[in-house]
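All remarks here apply to the structure that follows.
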Amino acid sequence: MSYSEITKKYRASLSESECKALDIIGERLCETNKVMNLTALTDERGVGLLHFWDSLTLIDTELFKGKRVIDVGCGGGFPSLPLALCASDCVITSNDATAKKLTYVAETARAAGINNLKTLCGRAEELGVSPEHREKYGIAVARGVARLNILCEWCMPFVEVGGYFVAMKGEKGREEADEAKKAISTLGGELVDIINITVPEFEYLHTLVIIKKVKATPKNYPRKNSQIQKKPL
C-alpha cells in the first residue's frame, strides 16, 4: 500500500488529489531523509499513520477553520504539510530554527501543490517578542519538541487573545498538562481540553492538549532560552 492508502484507510474523507499530494510528500520525505535527518520513520505504514494520520487529527478539533496557524519547531514538516493540504482555508507558517529543513518543507509544499504554507526561520523565543509575530496567530501548534511547561513559553506568545495553543503530545500528555499549570496560567492561558487519540494499528496513545489564550502574555515572556530551559515555569 502507498503512504496515502494507509492514511485513507482510517481517514476516508481524503480526496484523490489529497492522496496524490500525500504520496509526493511521503516520497520526498524518505528520499531527502537519506541525506538529511528528518524522521526515524520511512516505511509506508509509519509515515501514513504516525505522520500523516496523526497530523490530520488536528482538523477533527474544528478549531482550525480559516485560521492563521504557526507550527513551532516543524522539523520535517509535521503537522504543517498535511494540515496545510487538508485545511486549505488556513494559512500555515512553518517555523524552525534550521534553515535547510525549512527549505525542504517549502520545496515539498510546492511539489505537492500546497500554496497556503510559508516558512519562518528563527528561534521561537526570539520571534515571540517581535511585533510582527507576537499575538498574531489564531493558533500555535507544536508536535513533541519539548515538555509542555517549556513549550508553552515558546508557543503562547504567538497566539492572539481568544486563540489557541494545541500541543501534540504522547501518552504522558495529561501528566505534562498538570506539570504545566503554572506556565499555562502565567502566560495567559487556560486549559480547556485534553483529547486522547489512539493511533490505529500501532495502538499508541497520543494526546492533544488544548489551551485557550484568555489574556495577553506578560511582556517579560518569553525569556531567553537559557532561562526557559534552566528554570521552566
field: Table column - 3J(HN,Hα) (Hz), the range 59-68, Karplus curve with 6.51, -1.76, 1.60, x for Gly and Pro
entry: 5, 5, 6, 6, 7, 8, 4, x, 8, 8
- request: Choose one of C155, V105, N196: the residue whose Cα lies farthest towards the positive end of the charge dipole of the range 3-230 (beta-carbon charges +1 Lys, Arg; -1 Asp, Glu; about the Cα centre).
  value: C155
- prompt: Most mobile of N149, N37, N116 per a Gaussian network model of the chain (Cα springs, under 10 Å)?
  reply: N37
field: For the range 73-90, Karplus couplings with θ = phi - 60° (6.51, -1.76, 1.60), whole Hz, Gly/Pro x
entry: x, 6, x, x, x, 10, x, 3, 5, x, 5, 4, 5, 9, 10, 5, 8, 8
- request: Set the Förster radius R0 to 41 Å, insert the Cβ-Cβ distance between E171 and A99 as r into 1/(1 + (r/R0)^6), and round the FRET efficiency to 0.05.
  value: 0.80
statement: For I70, the residues 5 or more places away or on another chain with a placed amide H closer than 5 Å to its own amide H are T93, I139, A140, V141
Net charge over other residues, Cβ less than 13 angstrom from the Cβ of D23 (K, R count +1; D, E count -1): -3
statement: The computed P(r) of the range 162-233 puts the percent of Cα pairs beyond 15 Å at 59
query: Relative to the Cα centre, what is the charge dipole magnitude of the range 3-230, using +1 at the beta carbon of each Lys and Arg, -1 at the beta carbon of each Asp and Glu, and rounding to the nearest 20 debye?
result: 860
message: For a test of the definition: using alpha carbon positions, the gyration tensor, and the 1.5 limit on a/c, classify the range 1-125 as rounded, prolate or oblate.
response: oblate
message: Using just the Cα positions, wrap the chain in a convex hull and report its mean projected area in square nanometres, one decimal place.
response: 11.5
- prompt: What number, in percent, do you get for the relative contact order of the chain if the mean sequence gap of Cα pairs under 8 Å and at least 6 apart is divided by its residue count?
  reply: 15
task: With a Förster radius of 35 Å, plug the Cβ-Cβ distance of E5 and R123 into 1/(1 + (r/R0)^6) and report the FRET value to the nearest 0.05.
output: 0.40
query: Considering only DSSP beta bridges whose two residues both sit in the range 3-230, what percent are antiparallel, to the nearest 5?
result: 45
statement: Scoring only Lys, Arg, Asp and Glu (+1, +1, -1, -1) among other residues with Cβ under 12 Å from the Cβ of E126 yields +2
query: Taking the Cα-to-Cβ direction at N116 and at S15 and moving 7 Å from each Cα, how far apart do the two end points lie in nm?
result: 1.1
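A short reminder: the numbers here are calculations on the coordinates, not readings from a lab. Not measured: the values here are computed from a predicted model. Quick reminder, even Gly has a Cβ in these numbers, built from the backbone with ideal geometry, and neighbours come from all protein chains shown.
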